[in-house]
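Since every read-out is calculated from the coordinates, none of them should be taken as a lab result. Predicted model only: the values in this text are computed from it and were never measured. Cβ placement follows ideal geometry from the backbone for every residue including glycine, while neighbour counts extend to all protein chains displayed.
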Amino acid sequence: MVGSALPTKPSTTPKTILETGSTLLYPLMGAWTQAYQKQFASTSGTSKGQPYATIDTGATGSGTGLADAASGTVDIGASDAYLSSSAKTSTPTLVNIALAISAQQINYNLPGIKNLKLDATVLAGMYNGKITTWNDPAIKALNPGVNLPSMKVVPLHREDSSGDTFLFTSFLNAQAASDWPSSLVNTTITWPKGSTTAETGNGGMVSGCQATKGCVAYIGISYLQKTQAAGLGTAMLKNAAGKFVAPTSATIAAAANAQTAKTPPNETLSLINGPGATSYPIINFEYAIVNTKQSDGIKAEDIRAFLHWTVHTGQDPTTYLDPVDFQPLPASVIKLSDAQIAKIGA
Amino acid sequence: MAASAPGAGPAEGAGDSPLSGLPGDGTRGGRGGLDVIRWLGRAGAIIPLGALIFIVIVLLVEAIPAFRYNGLSFFSKSVYTPGGGGYNSVIVHTGGAAHQSGASFGFFSSIIGTLITTLIAVLVGVPLSIGAALAIVERLPKRLAAGVGVFLELLAGIPSVVIGLWGVVTFGPFLARDIVPFVSRNLPDVPVLNYFKGPINGLGQSMLASGLILAIMIIPIVASTARDLIRQVPILPREGAVALGMSDAQCAMRVTLPWIRTGLIGAIVLGIGRALGETIAVAMVSGNNIAGLPSNIYGTMTTIAATLVNNLDSALSDGSHFTVRTLAELALVLVVITLAVNVAARMLVRRTSGAALPIGPGL
């Protein structure tokens, strides 16, 4: 049985929905579930104030969310990346439903130098060890007139498997495939000799970069205020149109809007290196991974109701998205998400 | 687990309090309470053995396809590539094992990194521990010795994640800012010493920091055991040594330490076991460089335990499950190394025999 009309509120039979996965999405998921449980709570009797659907959230990492959703141990897996090809093969009933849009900034620690211009070729060169100093001709060529020091480049990467690593390596591969092969695109990779230092989590990247002059690091956009407080520079990245753009809500929204038309019905799409002169090149969908074949019809209805709520009420910028620097989904993508949510049944 | 269930039966049947069968209340054997204790004892004896066998079997079942596909290069390469097409790799089958196309794994750097950091920990930690133990027993005034002893035991109780945090926030940056640049600048340019020259990252994440953090973690284990052993050395041989004109140092080297040699080996093995398997502290200070061994001790590296904890999440996104199998194979390697150290220590103890081991004859 596949639900055709999407429920707008949970069933009145109390159910618990389990969610685990992406640490990047976790703060937003937490805000969503709190508001949702408050909005749909019993108003009478002994259970007054009790939510109809309890939603347990956990920050376990995207891979765990995906594997748990596939094995059925949780109902919703949160992931920064769409389903891997092999995961789709092994569990064909899994779908990835876009919930919001995130982005990634490239930061560096060069005292006194702001708004450095970088592109994937130069970043790939730093990470694979071809570019070792900041006054390398390749960096100079992108930044005429900037007095670059002869300081050593220290590229940092994430030691824990991370959606951020997936986004960054996707960007390098998309713009500079000859320097960065597709085998080096994943949530954890064997880093080439250029990058020998790893940090745990986005927070570790910020403190590691702050402690190391000459570092370069990729950090989730939700850490924007922390990277600025740490005195790190934010790079302007070359986009597909050859223009250099900084990560702002305008450039992220421009990149998202430029790609809504080509988003397929299953929403499996890399938004990396999208078209448009003002588009920021490293943005992504945040996904809910759900098995469309649930064992319990009432629970399936509750999952549909909750996810439907997140892509409508949950898209409100001031209440939910701005605090984590996420961007709302474009209207046409919300339609695709709704269509996928409707497939969840028992 | 299964063994404890029947144990509950007789106790309920007898209708007594579980304590009623204890010696002193007039009843003996055969009745409720004692049966419970007997069954609990049996279960207690079987569960550890069962757990070890269960863990090894589960790891083996998971890892056998990985053994077949990864082959010997598992031990000689340093690479973690779940799929050649990256995130878009498809599932293929080789020799019955499902894996992502182009999957390639090798953990040379993790295995050697584990051994080297443990070696650094032992080289630094064991002499310090023995020195501390000798000082506590033979040198320090009694009240001060008791105080130092308490701190030693408190150090053993600090969770490793706290030590790791201290390593990243305080100790590593201190090494990177104040120690390493000074040492690197002033060492003569001699081949062997070049392992002690080189740049280090700002948080001090390196092989050196990992080894030293592990040393700090094994010191309380080795030192408190050594202290208890030294206390057991009879006074007569030591008095004899002093009567022969030996200095305190000579007495310690020639009488006290040889006397407790066997127990000391046991204590060091306990320390090695801790160092080999320590995960989170090393994951925080090693820099987790899986791609190869560093060219000097200030380079980043990784260990088996740190590799396992850092790569599990990405392994779970491999739909073929092969990356998880590969991590199981790596875990099995760690289990084998740890067991091998224990067996080697047993043989060493047999050969040298002497005073009983501090942790019983089971080691």
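Here, the stretch A:126-267 is characterised by an Rg to Rh ratio of 0.95, where Rg is the alpha-carbon radius of gyration and Rh the Kirkwood radius. Ordered from longest to shortest, the equivalent ellipsoid semi-axes for the stretch B:108-320 are 36, 20, 16 Å, each the square root of 5 times a Cα gyration tensor eigenvalue. Of the trypsin sites (Lys or Arg not before Pro) found in the stretch A:26-106, those that fall in a DSSP loop while having at most 11 other beta-carbon atoms within 10 Å are A:Lys48. Pick from A:Val95, A:Val122, A:Val290 the residue whose mean-square fluctuation is largest in a GNM of chain A, springs joining Cα atoms under 10 Å. In the Gaussian network model the winner is A:Val122.
What FRET efficiency would be calculated for the residue pair A:Thr248, B:Met253, taking the C-beta separation as r and a Förster radius of 60 Å, to the nearest 0.05? The pair A:Thr248/B:Met253 has a calculated efficiency of 0.30.
If each residue of separation counts as 0.36 nm, what is the full-extension length gain between A:Ala346 and A:Lys262 once their alpha-carbon separation is subtracted?
Separation in residues times 0.36 nm, less the Cα-Cα distance, equals 27.2 nm.
What is chain B by shape, rounded, prolate or oblate, if you read a ≥ b ≥ c off the alpha carbon gyration tensor as root eigenvalues and call it rounded for a/c under 1.5, prolate for a/b larger than b/c, and oblate otherwise? Oblate shape, in that a/c is at least 1.5 and b/c is the bigger or equal ratio.
For the listed residue pairs A:Lys114/A:Lys140; A:Lys48/A:Lys335; A:Lys9/A:Lys48; A:Lys130/A:Lys238; A:Lys140/A:Lys226, the alpha carbons are over 23 angstrom apart in A:Lys48/A:Lys335; A:Lys140/A:Lys226. Stretched out straight at 0.36 nm per residue, the stretch from B:Val58 to B:Ile179 would grow longer than its current Cα-Cα span by 39.0 nm. Shielding value for B:290-297 is 2, the average number of Cβ atoms from other chains within 10 Å of each residue's Cβ.
Separation of the stretch B:107-140 and the stretch A:264-297, taken as the distance between their Cα centroids, equals 50 angstrom. Give the shape of the protein assembly as shown as rounded, prolate or oblate, defined through the alpha-carbon gyration tensor: a ≥ b ≥ c are the square roots of its eigenvalues, a/c under 1.5 means rounded, and otherwise the shape is prolate if a/b is larger than b/c and oblate if not. Cα axes put the protein assembly as shown in the oblate bin.
Where does each of B:His93, B:His321 land when they are ranked from fewest to most other beta-carbon atoms within 10 angstrom? Each step should come with its number before you reach the end.
Working: B:His93 11, B:His321 20.
Taking fewest neighbouring Cβ atoms as first place, the list is B:His93, B:His321.
Coupling constants for the stretch A:256-272 follow from the phi torsions by the Karplus curve (6.51 cos²θ - 1.76 cosθ + 1.60, θ = phi - 60°), and in residue order they are 5, 5, 5, 10, 5, 5, 9, 5, x, x, 8, 6, 7, 8, 7, 8, 5 Hz; glycine and proline get x. Amide H contacts for A:Glu199 (H built 1.01 Å from N in the peptide plane; partners 5 or more residues away or on another chain; cut-off under 5 Å): A:His157, A:Arg158, A:Glu159. Peptides A:165-171, B:128-134 ranked from most to least packed give A:165-171, B:128-134, packing being the mean of other C-beta atoms within 10 angstrom over each peptide's residues. Relative to one another, the C-alpha centroids of the stretch A:211-245 and the stretch B:36-101 are positioned 40 Å apart. Dividing the summed -39500 (n - 2.57) terms of all DSSP H runs of n ≥ 4 by the residue count of chain A sets its mean residue ellipticity at 222 nm at -9500 deg cm²/dmol.
Cysteine residues of the protein assembly as shown whose Cβ has no partner cysteine Cβ closer than 4.7 Å: B:Cys251. Within the shell defined by Cβ-Cβ distances under 15 Å, the residues around A:Ser47 carry a net charge of +3, with Lys and Arg each +1 and Asp and Glu each -1. The ranking of B:Met301, A:Met126, B:Met246, B:Met253 by Cβ neighbour count inside 10 Å, starting from the fewest, reads B:Met253, B:Met246, A:Met126, B:Met301. Remark: the Cα gyration tensor places chain A in the prolate category, a/c being 1.5 or greater and a/b exceeding b/c.
Give, in nm to one decimal, the length gained when the segment between A:Ala31 and A:Thr54 is fully stretched (0.36 nm per residue of separation minus the Cα-Cα distance). Intermediate results must be reported in sequence, preceding the final value.
On the way: separation 23, 0.36 × 23 = 8.28 nm, distance 1.36 nm.
Full extension from A:Ala31 to A:Thr54 adds 6.9 nm.
Count Lys and Arg as plus one, Asp and Glu as minus one, and take only other residues whose Cβ is under 13 Å from that of A:Thr13; the net charge is then 0.
Dividing the summed -39500 (n - 2.57) terms of all DSSP H runs of n ≥ 4 by the residue count of chain B sets its mean residue ellipticity at 222 nm at -19500 deg cm²/dmol. Treating r as the C-beta distance of B:Gln232 and B:Val336 and R0 as 30 Å, the FRET efficiency rounds to 0.35. Here the contact order of chain B, divided by its residue count and restricted to Cα pairs under 8 Å and six or more residues apart, works out to 21 percent.
3J(HN,Hα) along the stretch B:168-177, derived from phi through the Karplus expression 6.51 cos²θ - 1.76 cosθ + 1.60 where θ = phi - 60°, amounts to 7, 7, 10, 5, x, x, 5, 4, 5, 8 Hz, with x in place of Gly and Pro.
Mean per-residue shielding of peptide A:65-72 is 3, counting Cβ atoms of other chains within 10 Å of each Cβ. Projected label points at A:Ile298 and A:Leu148, each 7 Å from Cα along the beta carbon direction, are separated by 6.4 nanometres.
Pop the C-beta distance of B:Thr170 and B:Leu193 into the FRET formula with R0 = 25 Å and round what comes out to the nearest 0.05. Kindly include the intermediate steps, with their values, before the conclusion.
Details: r = 27 Å, r/R0 = 1.09.
Here the calculated transfer efficiency is 0.35.
Using θ = phi - 60° in the Karplus curve 6.51 cos²θ - 1.76 cosθ + 1.60, the 3J(HN,Hα) couplings for the stretch A:331-339 round to 4, 5, 6, 4, 4, 5, 4, 4, 4 Hz; x is entered for Gly and Pro.
Just want the ordering: B:Phe182, B:Phe108, from fewest to most Cβ atoms lying within 10 Å of their own Cβ. It would help to have the intermediate numbers written out before the result.
Values: B:Phe182 10, B:Phe108 17.
By the 10 Å Cβ count, ascending, the order reads B:Phe182, B:Phe108.
If you take the Cα centroid of the stretch A:135-159 and the Cα centroid of the stretch B:228-264, the two points sit 62 Å apart.
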